[in-house]
Amino acid sequence: MKVIMHWKYGAARKPNAVFTSEWMDAQDALTIIDDLEKAGRMKEVEVSDELGTTWSKKELKKLLAKVEEEPQEATVYFDGGYQKNSKLSGLGVVIYYRQGKEQWRVRINRLLQELDTNNEAEYAAFYEAVTQLEELGVRHQSVTFKGDSQVVLNQLSGEWACFEEVLNQWLDRIENKLKQLGIIPVFEPIGRKENTEADKLATQALNGEEISSKFNLTANSRETD
């Protein structure tokens, strides 16, 4: 969870000033607030999250305690592939996230028959990724989406206009779902070499190999140490 601090400096016979921080991790913000309070130079403090909600120090501590076991810091890789001859589409999604002190990875693919183009398959893969985030319980936070489809990412970000009705329907579905979940998307285009996990899953779907897995990266790291 990322936040911005707004705090008021003040002391007897000293000038007053209001400071605003850069975006930072909420837990780091609490640490800084504690330090400033010990110095006796903080009169007031507010913390704002990415959705514009404002929290006091007490409210923020309660919130962090509540969400500690919820999925956080999610990064999504997605890819879609379309075969003209078979008219089949393969979708691949990989999600990395933190839950408590554990790091997790979800890998899933889908085989669809009702799509018509590669761009539509890419949109469907993105929508599948958002659906998986919903099932994981990801809510009210920023999520980074990485893919090698310039079309999808630039149209979703508003950089490029979308003139195809079918793709606009997918775009609307995605935006509505993101809004419903309170997810703030961060779009990051990457090259195909950086998207090999999702690409492989999409290819496996086209080859009839169904994948659905959830893997504890932290536990596996401990076992191999």
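The values are calculated or read from the model by the stated rules, or taken from the named source; none is laboratory data. Bear in mind that the values here come from a model prediction, so they are computed numbers and not experimental data. Please note: Cβ atoms are built from the backbone with ideal geometry, for glycine as well, and neighbour counts cover all protein chains shown. Just so you know, the surface numbers come from the protein's heavy atoms only, side chains and all, with ligands and any DNA or RNA stripped out. Shrake-Rupley method; radii C 1.70, N 1.55, O 1.52, S 1.80 Å.
Descriptive notes on the structure:
- Condition met for Tyr96 (in a strand (DSSP E or B), of a type in the set (Ser, Thr, Tyr) and open to solvent by 60 Å² or more (accessible area, probe 1.4 Å)): yes
- So Leu115, is it at pLDDT below 95, crowded, with 17+ Cβ neighbours inside 10 Å and within 20 Å of Ser89 (Cα to Cα): yes
- Residues of segment 36-56 classified as open to solvent by 50 Å² or more (accessible area, probe 1.4 Å) and either touching a Lys or Arg at 6+ places or on another chain (Cβ under 6 Å) or among the charged types (D, E, K, R) (or both), total: 7
- Qualifying position, being surrounded by 12 or more Cβ atoms within 10 Å (Cβ to Cβ) and in contact (Cβ under 8 Å) with a residue 40 or more places away in the chain, among Gln150, Gln204, Gln169: Gln204
- A search for C-beta distances below 6 Å between a residue of segment 113-142 that is under 25 Å from Glu165 (Cβ atoms) and any residue that is of a type in the set (Asp, Glu), counting only pairs 6+ apart in sequence or on different chains, returns Ala125/Asp79.
- Some residue of segment 2-25 being of a type in the set (Asp, Glu), assigned to a helix (DSSP H, G or I) and either modelled with pLDDT under 90 or buried (at least 16 other Cβ atoms within 10 Å of the Cβ) (or both): no
- Restricting segment 32-63 to residues that are in a strand (DSSP E or B) and more than 21 Å from Ser142 (Cα to Cα), the residue that is modelled with the highest pLDDT is Val45.
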